[in-house]
Amino acid sequence: MLAAAASPPLAYRPALNGLRAIAVWLVIVAHWTRAPFPLGEMGRLTFFVLSGYLISGIIWKQGVYAGAPGPWRQRLGTFYQRRLLRIIPPYYLALLLGWLLPLATLHEHLGWFLLPASNLLFYRMQHWGEGVGHYWTMAVEEQFYLVWPLLLGLLGRRTAWLGLLVGAGLAFRLAWSAWVGPGFVLVLLPACLDLFALGALLWVLEQHPRVQALARGRWVLLSWLAWVGLWVLTHAFEGHALWLLVYPSVGGVAAFITLRWVLGLPADGRRGCLLLHPLLQWVGLRSYGCYLYHLLLVVFYQRAVYHVFAAADTRRLWMAPLPTLLLLTPLLLALAAASWAWLEEPLNRVKDRLAYAK
C-alpha cells in the first residue's frame, strides 16, 4: 500500500465547479432523454468520490473525527449544523414543490423523504417514485455525513484501512446480492462505501508521486474508456447482473483519476480552460439546484404535454429528447439561479459564520 504524503490545506478549487457542472448535467441529460447508455452514472460516481474527498478533508483538517484532540464533539456539532444549512432547506423546498405538483410517492411516503431515508424506501418498494427517484443519492449522502466522522476516527489516515474500506463496498454488493438479492442493492449506503473511501484515499495520497503521475488527461480518458468497455462486454454476453455489481468500483477508480487530474489544474486557466469557463463555473455553483429540480420539472412538462395535446404522435414529438432538452434547459437553469440567489447563497453566508472550535 502507498505511504501517505502530506496533503495541502483545503482551498477553493474553481476547476471543481466546472467538474460539478459537467457531472450534474450528465445525470440530467440521462434522465431527461432516458439514454440507453448509463451516462448519468458517470456523474453520480464522480459526485460520490468528490464527496468522499471534500468531506474527509474537512473532517481531518478541522479535527471533526471522533477522538480528535480538543473539543471534537463541539466541532462535530458544528460540522452537522453546516451540512444541514447547506443541504436541507433547499431540499425541503423541492419536496414542497413536489407535494404541490402533486407527486403521489411524496403524498404516500412523505416521512421517508423528510428523514431523509428515501433510499431505504426505494429498496423496500423495489421501484422508483415518479419525479423523486433521484433523492436516493441525497439520502445516501446525508447518511454518509452521519457516520463518516465516526468511521474516520476509527480508521485514521491509514491507507491500508481505507483500502480495505474500498474493498468492503464491492464485497457488500457481492454478498448482499448472493444472500438477499441484487434488486436495488446500489441504493444502500454500504454499497457506496468504496466510492466515499476512494475520495478519502485521494485526500491522503494526493501528493504521492505515483498518484500525481495519474494527473494526465490520457489516464482520465483511458480509465473511462475501460469503464465503457466493461459495459459493452457485460451487455454483449448478457452479464447485466455482473455489471451492476462491479461498475461502481471500476467507475470509482476512473472518478479518482479524473479528480486527481482536475486537482492538478492551475487556477489561472493555462490548462483545463473548459472547466474554468465562466458558464461552467456559473452552473457548477448552482449544480445542487439543478439536481434538486430536474425530475420535478420533467414530470410537470410531461403532464402539461398530455393536458395540451390529445394526439399520441404529437405527444411523442414534444416529449422526444431534443425538444425536452431545448425547452427544459433554460427553465431548469432559471430555477437553479433563483434557488441560489434567494436561498442557497444566503444560507451559505450563515453557514460560513459557524466557525469550528480550536
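A short reminder: the numbers here are calculations on the coordinates, not readings from a lab. All values derive from a computational prediction rather than experimental measurement. Cβ coordinates were reconstructed from backbone atoms using ideal geometry, including for glycine residues, and neighbour counts include every protein chain displayed.
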**Study point:** Mean Cα-pair separation over length for the chain, i.e. relative contact order, pairs under 8 Å, 6 or more apart, %
**Key:** 30
Exercise for review: Output the peptides 190-200, 237-247 sorted from most to least packed, where packing is the average of other Cβ atoms within 10 Å over each peptide's residues.
Suggested key: 190-200, 237-247
Point to revise | Whole-number percent relative contact order across the stretch 271-358, with pairs defined as alpha carbons under 8 Å at least 6 apart | key: 38
**Study point:** Zone residues, the stretch 47-76, relative to Arg86, backbone N less than 17 Å from point 7 Å out along Cα-to-Cβ
**Key:** 47-65, 75-76
Check your understanding: Remind me, relative contact order of the stretch 138-245 in percent, using alpha carbon pairs under 8 angstrom and six or more residues apart?
Key -> 25
Study note, to complete from the structure: For the chain, the charge dipole (Cβ of Lys, Arg +1; Cβ of Asp, Glu -1; about the Cα centre) points to a positive end, and the Cα of Val29, Gly40, Val283 closest to that extreme belongs to Val283
Review point. Taking the Cα atoms only, what angle lies between the long axis of helix 321-339 and the longest principal axis of the chain, rounded to 10 degrees?
Key: 60
**Study point:** Relative packing of 135-147, 96-108, which averages over residues the other C-beta atoms within 10 Å, highest first
**Key:** 135-147, 96-108
Exercise for review: Could you please report the charge total around Lys351, scoring K, R as +1 and D, E as -1 over all other residues with beta-carbon less than 11 angstrom from its beta-carbon?
Suggested key: +2
Check your understanding: Which of the peptides 125-132, 222-229, 177-184 is most tightly packed, and how do the rest follow, judged by the mean count of other Cβ atoms within 10 Å per residue?
Key -> 125-132, 222-229, 177-184
Practice item. State whether the chain is rounded, prolate or oblate according to the following rule on the C-alpha gyration tensor (a ≥ b ≥ c being the square roots of its eigenvalues): a/c under 1.5 gives rounded; otherwise a/b larger than b/c gives prolate, and the remaining case gives oblate. Key: rounded
Practice item. Translational diffusion coefficient, Stokes-Einstein: compute it for the stretch 222-292 using the Kirkwood radius over C-alpha pairs as Rh, at 10 °C and 1.306 mPa s, and state it as an integer in µm² s⁻¹. Key: 110
Exercise for review: Compute the signed sum of charges (Lys and Arg +1, Asp and Glu -1) over the other residues within less than 15 Å, Cβ to Cβ, of Lys61.
Suggested key: +4
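Quick one: putting +1 on the C-beta of Lys and Arg, -1 on the C-beta of Asp and Glu, what dipole do you get for the chain around its Cα centre, in Debye to the nearest 20?
960
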**Study point:** Using a Förster distance of 22 Å, the FRET efficiency for Ala178-His127 (Cβ separation, nearest 0.05)
**Key:** 0.50
Exercise for review: Kindly express, to the nearest 10 degrees and within the range 0 to 90, the angle between helix 159-179's C-alpha long axis and the longest C-alpha principal axis of the chain.
Suggested key: 40
